[in-house]
Amino acid sequence: MNLLSQNLRFYQVIEPDADAFLTGVGIHSRVVDMRKFGHCTFILMMGTNAATAFTVTVEAVDVVALTNDHEVPFWYSYGTTLVHGNTMAAVTKVAVPATGLPVLAANADTVHIIDVDAEDCRQVMVAAGHEFIGVRIALHETAGVAAVDGACLAVLSQPRYMDDANGMPAALLA
């Protein structure tokens, strides 16, 4: 039998919470180690969002206390139960990483699918003089002060090799 859990690694990188994105502050997710994987997909889920807007960026980080971070390009799609039903919007590339993905207020029950390629991250980090080790998602609050329910799951794919014990290597750093 070919199971999804044998081919992908799943990590909860932002825990489900009534104020998951720390109103007034913004947050960084846990760092996912991508040294053994070629691709990471973040599934960002938000509940009722009456008045808070965010910009989502993806940051590659290095092994030095995870402090050398650089924004990297990514692809995204999104959907809401009110507007799209089960249909996601067209996939769009964020070519200017600092611009990020705007998440507007006054939306409810949204799902954002954010795809990151390990090679894109490696190129950005090498150009900056750092070793690439992992990736995280960052939510920067741009307007509003209302708490937003939410969570984020990271799904790693394209493993570079298989681990004898579990089938796939572990990949959660912080």
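The values are calculated or read from the model by the stated rules, or taken from the named source; none is laboratory data. Computed from a predicted model, the values in this text were never measured in an experiment. Here the Cβ positions follow ideal geometry from the backbone for every residue, glycine too, while neighbour counts run over all protein chains shown.
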- Item | Residue in segment 33-51 that is surrounded by the most Cβ atoms within 10 Å (Cβ to Cβ), counting only those that are of a type in the set (A, V, I, L, M) and at pLDDT 90 or above | L44
- Query: When F54 is evaluated against the numbered criteria (1) touching a Leu at 6+ places or on another chain (Cβ under 8 Å); (2) of a type outside the set (A, V, I, L, M); (3) at pLDDT 85 or above; (4) assigned to a strand (DSSP E or B), which criterion, by number, is the only one it fails?
  - Reply: (3)
- Item | Filter result for A143 (farther than 16 Å from F74 by Cα, surrounded by fewer than 18 Cβ atoms within 10 Å (Cβ to Cβ), at pLDDT 85 or above and more than 19 Å from the chain's Cα centre (by Cα)) | no
- Message: Residue pairs, Cβ under 7 Å, 6 or more apart or interchain, first in segment 82-102 and surrounded by 14 or more Cβ atoms within 10 Å (Cβ to Cβ), second modelled with pLDDT of 80 or more and part of a loop (DSSP other than H, G, I, E, B). List them.
- Response: V94/P73; V94/G100; P97/V72; P97/P73
- Being in contact (Cβ under 8 Å) with a residue 40 or more places away in the chain and either touching a Cys at 6+ places or on another chain (Cβ under 6 Å) or over 16 Å from I14 (Cα atoms) (or both) narrows it down to one of V111, V124, so name that one. V124
- Message: Criterion first (touching a Leu at 6+ places or on another chain (Cβ under 9 Å), at pLDDT below 90, more than 30 Å from Q6 (Cβ to Cβ) and of a type in the set (A, V, I, L, M, F, W, C)) does V103 satisfy it?
- Response: yes
